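First the structure, in the form of structure tokens, and then the observations on it.
The values are calculated or read from the model by the stated rules, or taken from the named source; none is laboratory data. Please read all numbers here as calculations on a predicted model, not as lab measurements. Glycine gets a Cβ as well: all are built from the backbone with ideal geometry, and neighbour counts include every protein chain shown.
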Amino acid sequence: MIAIERLTVDIHGAPILNEVSLRIAQGEVFGLVGESGSGKSMTALALMGLLPDGATAGGAVRLDGANLLEKSEAGWCAMRGNDIAMIFQEPMTALNPVQTIGAQVAETLTIHGTQDRRVALKIARDRLDRVGLSHVGLDAYPHELSGGQRQRVCIAAAIALHPRLLIADEPTTALDVTTQAQILDLLRDLVAEENMGLLLITHDLAVVSGMADRIAVMRKGEIVETGPTAQVLTERRHAYTRALLAASAHAPDRAAASRPEVLLEVEKVERTYPGRREGFRRGPPVQAVDGVSFTLSEGESLGLVGESGCGKSTLTRAILGLDPVQAGDIRLFGQSIVPHMPRALRAGIQVVFQDPYGSFNPRWRVERLVAEPFHLLDTPPTGSDRRDRVAEALSAVHLSPDDMEKYPHEFSGGQRQRIAIARALITRPRIIVLDEAVSALDVSVRARILDLLAELQGEFGLSYLFVSHDLTVVRAITDRVIVMQAGRFVETGDTRSVFDAPQHDYTQALLRAAPRLDLAS
Amino acid sequence: MRRLPKALVIGAVISAAFLAIALVSLVWTPHPVTGVSISERLQPPSAAYVLGTDQLGRDLASMLMIGAQTSIAVALIAVGIGIGLGVPLGLAAAANRGSLLDEIIMRGNDLIFAFPSLVIAILITARYGPSATNAILAIGIFNIPVFARVARGGALPLWTLDYILAARTAGKGRARISVEHILPNIMNLLIVQATIQFSLGILAEAALSYVGLGAQPPTPSWGRMLAEAQTMIYTHPMLAILPGLAIVVMVLGLNLLGDGLRDALDPRLRRRLA
Amino acid sequence: MLRYIAIRALSLSLSLVVASVVIFALIEVIPGDPASFMLGLNATDETLAALRTELGLDGSKLERYFAWIGGMLTGDFGTSYTYRVPVAELVLDRIWVSLPLAIYALTLSTLIAFPVGILAAANRGGALDYGVMGGTQLGIAIPNFWFAMLLVLLFAVTLQWFSAGGFPGWENPGAAIKSLTLPAIALALPQASILARVMRSALLETLGQDYIRTARAKGLTRRQAVLRHALKNALIPVLTIIGLQFSFLLAGAIIIENVFFLPGLGRLIFQGITQRDLVVVESVTMLLVFAVIVVTFLVDIAYAIVDPRLRRR
């Protein structure tokens, strides 16, 4: 139905895609897999004629024989949303905030010929029902909907005219695990019902293994391997495919954990947010954490799992002494840190965050960044002593001491996370909290960072509190796990047991929803 | 060395030229501007009077030079007031977002915005009489909410970033974070806004002087020169054109400088590695 | 939506009250006794006492403040000391010059700026864009009263298309508007330049948003995406500027009356300052601030109409 033949794209002379070829049949789900920078999004944009300015495309994209690359802009406009449609990664910003969702879905119809606005709205209503939004009105605005709901609206607008091909570029990456499962189910149903092709672009091998009939693996603008999903994943002919699979399922070697000393005790903690300010009054308060308790022992790796909004970030900030708690107690190294954390204890617990780009002040050099926690010490090291300590931390994370002269933007995402880990190590803490610390990294980079974390744990006897929504990662690196929902702990236990035999409904739902890389042939 | 935007260079040159003229005029002008010499009035340009003389016999060139001094001094101090008071207020509001302090500062800003510089000038001069100082106050007070708003607007998105959380984990308080982390990262915004407010200050000073609420005689001011020239515009247009041109060129230069700085300092235009 | 309007109206009232206190304090309280100021150093005690009674300065500050506010709410703005005529009368005559002038200028400015800004954004990087950016740079730098003088020189004196000044009254609306045209153009030019730039940058900013990409993916042409999606979103920052502009336009109108000999609020205020007629200055200032605060309120309402995210609270 659709064939891409030796597609080559340059942008201002720089090569982006090199002789990419693939075919997608009617009713088929085709997975396009690769890490960031592999060119998968560019391929999709080429299929839509939405390449950025300055791009030149060679080769052919054939729909029923005709080469789309030769079309005029008017020709493309007639096709987009009609024969080929696309949905994107960030549902939160994909919709016009000042227009109703009904109007936005109906627009696809009115652009392509439906004259009567009422008819278009009627069809829009039908489509919104089809994607599972029957309880949401046509005159709702995007800001009233959740991320998953907004993505459904985008899907409704995309399939409004029964396109032959739907391109989905990382459609669920920004969504929760359970929402992700729902959206993927929806897409699968639509493919079957509409007999349309689906080009599913993702970096997540697990997602693609559960969804796609055929896949292609992309790297640096080229397709390295393509074929039926099960075959590609089991045979793994190409070295890169092997590496990708290995990284996805990677679990670092870890020394046996846990000495008896309890370092952190959280007891019946409650955290309530004051409501939002409305003029001079406040709205009703929000219960973010509702009476939770747990302990963390020396050398242990504890996972805290939950979807966005469950309260795990709030709890983390309370444990770090950054936010107050309304009830309960938190004891660190035996001392209570409620209502204020004694300064002397802060050096013992440090944190690594998710976002490699927001983690550092862009104007500070690495030395100053890594040394910032020294502010906690009564007599912080200065001069050459300080530089030595920073060099020591950088070496521990396998970076060069010379790197302390550079600025953050000179490093890649994985390297910046290493710097963040060095910053967390500098005061020789006993506990490190990792708040979604590997979630934003490519799969292969992630595997190496997990290895580093395991190594450091063995070397320095660290305890980790691993906060994440990603079950695969948690499974790979934790001894015990806690599952959190709506401010409460619903299940705790050692990782293997919880993952293999979940007791609570919610845990079961989470595990069911999480895409598993099924390598059994 | 990156190539600087053209606007930046041209703007910087013009602004520097005016600054230089104003500084020179502090110690020297071709002719004194305080004396009145009716015999020399309304002379065309000549070797002695490069641009001619005005209706009271004063050398136009010298008048323009000291006028530059007046305009720059007023606008500069007014910007200083705006930054000195507005930026800390804006930073404090952002650091305590959603609190009563934030609400009060924002309301205060809105209140001052309801009083254009002209109205503030009227209120002050109604009781204290017109003077350059009152013009400075009027323009400066209006600058405060401008800078407070810019500082707060620039600071708010920074507070959500992880490196601020990291600083708090390192035990630093809000005030310290505002100075160490937030302020350096909004500096670009503030510099650009400062050039904009400076150029607006020049225009405001000219308008206030024009209606008599600014610097008083014998201190020359471009605005007042225009007011005095108005009646003679049909017979001696140059008396009205020259001061106006001076204002236009100076403001143009400052705006170009501001635009150029904005482009040069824009982090999105700087190359960064993935 | 209704709740939003109510909250904004409350905010407006609060601002008016605080503004009135500030004006009252600056004119009557902080700088000392108004009566001795008005009469000067040589006034005898008797004349001072007489003036105090006349102006109602006998009461406490609080009493005087409420008397003033109460008066204004009922349309009594006091009696001008120099003209011996109710201030309300003086103001009413003149406000029919200043206010229409400001509105005329605002309309002109918006009518010019919108298409210019939109065209520049649509033509980004092209010759038209550079032309607009250059032209607006110049427009911003020109003092409006100087521009007014040049306009008079060209259109009134040389070409004789317009009169050089004066205002014939509203009995003949055509002639009235004609006499306000040159002043309105002079006022509108710098403001239109600012507004065009804001429109352009707001549009360019919006064009980089994700929902524009979604619109294009649905099959909209570039032009359709701009008109149907980008424009409304770009309006939000533009509205802010329009609101601020009104206050500058009102101030500018007052200043520019000087060039065209228009019998507006300008002359009234400046004479009031020279003659130390505090009654006039106090009430007219309050009126000006009132006008600005009301316009801000209207802009807030306009925001809520454009941006549904604001209507919740």
Legend entry - Enumerated helices (runs of 4 or more DSSP H) restricted to the stretch C:191-275, each holding at least 3 residues that are at the interface with another protein chain (Cβ under 10 Å from one of its Cβ atoms), out of contact with any Pro (no Cβ under 7 Å at 6 or more places or on another chain) and farther than 30 Å from A:GLU107 by Cβ: C:231-260, C:265-274
Legend entry - Condition broken by B:ALA155, with the remaining ones in (1) within 14 Å of chain C (Cβ to nearest Cβ); (2) surrounded by 17 or more Cβ atoms within 10 Å (Cβ to Cβ) satisfied: (1)
Inset, instruction - Look through the stretch A:503-521, keep the residues that are assigned to a loop (DSSP other than H, G, I, E, B) and either among the aliphatic types (A, V, I, L, M) or at pLDDT 90 or above (or both), and return whichever of them is surrounded by the most Cβ atoms within 10 Å (Cβ to Cβ). - result: A:ALA514
Inset, instruction - Select from the stretch C:147-197 the residues that are surrounded by fewer than 18 Cβ atoms within 10 Å (Cβ to Cβ) and of a type in the set (D, E, K, R) and write down the one among them that is nearest to C:PHE261 (Cα to Cα). - result: C:LYS178
Inset, instruction - State which residue pairs qualify: first residue touching a residue at least 12 places away in the same chain (Cβ under 8 Å) and inside the stretch B:7-33, second residue assigned to a helix (DSSP H, G or I) and among the polar types (S, T, N, Q) in any location, beta carbons under 6 Å apart, and separation of 6 or more residues or different chains. - result: B:ALA22/B:GLN69; B:SER25/B:GLN69; B:THR29/B:SER62; B:PRO30/B:SER62; B:HIS31/B:SER62; B:VAL33/B:SER62
Legend entry - Sole exception among (1) at pLDDT below 90; (2) surrounded by 20 or more Cβ atoms within 10 Å (Cβ to Cβ); (3) within 14 Å of chain C (Cβ to nearest Cβ) for B:ARG107, by number: (2)
Inset, instruction - From the list A:THR114, A:THR93, pick out the single residue that is within 11 Å of chain C (Cβ to nearest Cβ), surrounded by 15 or more Cβ atoms within 10 Å (Cβ to Cβ) and part of a loop (DSSP other than H, G, I, E, B). - result: A:THR93
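I'm trying to understand the selection: among the residues of the stretch B:110-129, which are more than 8 Å from every other protein chain (Cβ to nearest Cβ) and touching a helix residue (DSSP H, G or I) at 6+ places or on another chain (Cβ under 8 Å)?
Residues of the stretch B:110-129 more than 8 Å from every other protein chain (Cβ to nearest Cβ): B:112, B:120-121, B:129.
If the condition is that a residue be more than 8 Å from every other protein chain (Cβ to nearest Cβ) and touching a helix residue (DSSP H, G or I) at 6+ places or on another chain (Cβ under 8 Å), then B:ILE112, B:ILE120, B:ALA121 are the ones that fit.
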Inset, instruction - Among the residues of the stretch A:395-418, count how many are closer than 20 Å to A:GLY37 by Cα, of a type in the set (D, E, K, R) and touching a Phe, Trp or Tyr at 6+ places or on another chain (Cβ under 9 Å). - result: 1
Legend entry - Filter result (modelled with pLDDT under 85 and of a type in the set (A, V, I, L, M)) within the stretch C:163-190: C:ALA164
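Condition first: among the aliphatic types (A, V, I, L, M) and facing chain B (nearest Cβ under 8 Å). Now tell me which residues in the stretch C:279-296 satisfy that. Talk me through it step by step, then tell me what you get.
Step one: list which residues in the stretch C:279-296 are among the aliphatic types (A, V, I, L, M), which gives C:279-281, C:284, C:286-289, C:291-295.
Within the stretch C:279-296, C:VAL281, C:LEU288, C:VAL289, C:VAL292, C:ILE293 meet the criteria.
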Legend entry - For A:ALA44: the one exception among (1) more than 29 Å from the chain's Cα centre (by Cα); (2) closer than 26 Å to A:ALA243 by Cβ; (3) not charged (D, E, K, R): (1)
Inset, instruction - Return the residue satisfying two criteria in turn: it lies in the stretch A:140-164 and is surrounded by fewer than 22 Cβ atoms within 10 Å (Cβ to Cβ) and among the aliphatic types (A, V, I, L, M), and of such residues it is farthest from the other protein chains (Cβ to nearest Cβ). - result: A:LEU145
Legend entry - All positions within the stretch B:218-258 that are farther than 23 Å from B:VAL33 by Cβ and either at the interface with chain C (Cβ under 8 Å from one of its Cβ atoms) or out of contact with any helix residue (DSSP H, G or I) (no Cβ under 9 Å at 6 or more places or on another chain) (or both): B:TYR234, B:LEU252, B:ASN255, B:LEU256
Inset, instruction - Working carefully through the options B:ALA94, B:ALA75, find the one that is within 14 Å of another protein chain (Cβ to nearest Cβ), touching a residue at least 12 places away in the same chain (Cβ under 8 Å), over 22 Å from C:PHE246 (Cα atoms) and crowded, with 24+ Cβ neighbours inside 10 Å. - result: B:ALA75
Inset, instruction - Report yes if some residue within the stretch B:215-232 is outside any helix (DSSP H, G or I), at pLDDT below 90, within 16 Å of B:ILE72 (Cα to Cα) and aliphatic (A, V, I, L, M); otherwise report no. - result: yes
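Which residue out of C:PHE24, C:PHE77, C:PHE66 is in contact (Cβ under 8 Å) with a residue 40 or more places away in the chain, more than 14 Å from every other protein chain (Cβ to nearest Cβ) and closer than 28 Å to B:GLY108 by Cβ?
Numbers: C:PHE24 fails: more than 14 Å from every other protein chain (Cβ to nearest Cβ); C:PHE66 fails: in contact (Cβ under 8 Å) with a residue 40 or more places away in the chain.
That would be C:PHE77, the only listed residue that is in contact (Cβ under 8 Å) with a residue 40 or more places away in the chain, more than 14 Å from every other protein chain (Cβ to nearest Cβ) and closer than 28 Å to B:GLY108 by Cβ.
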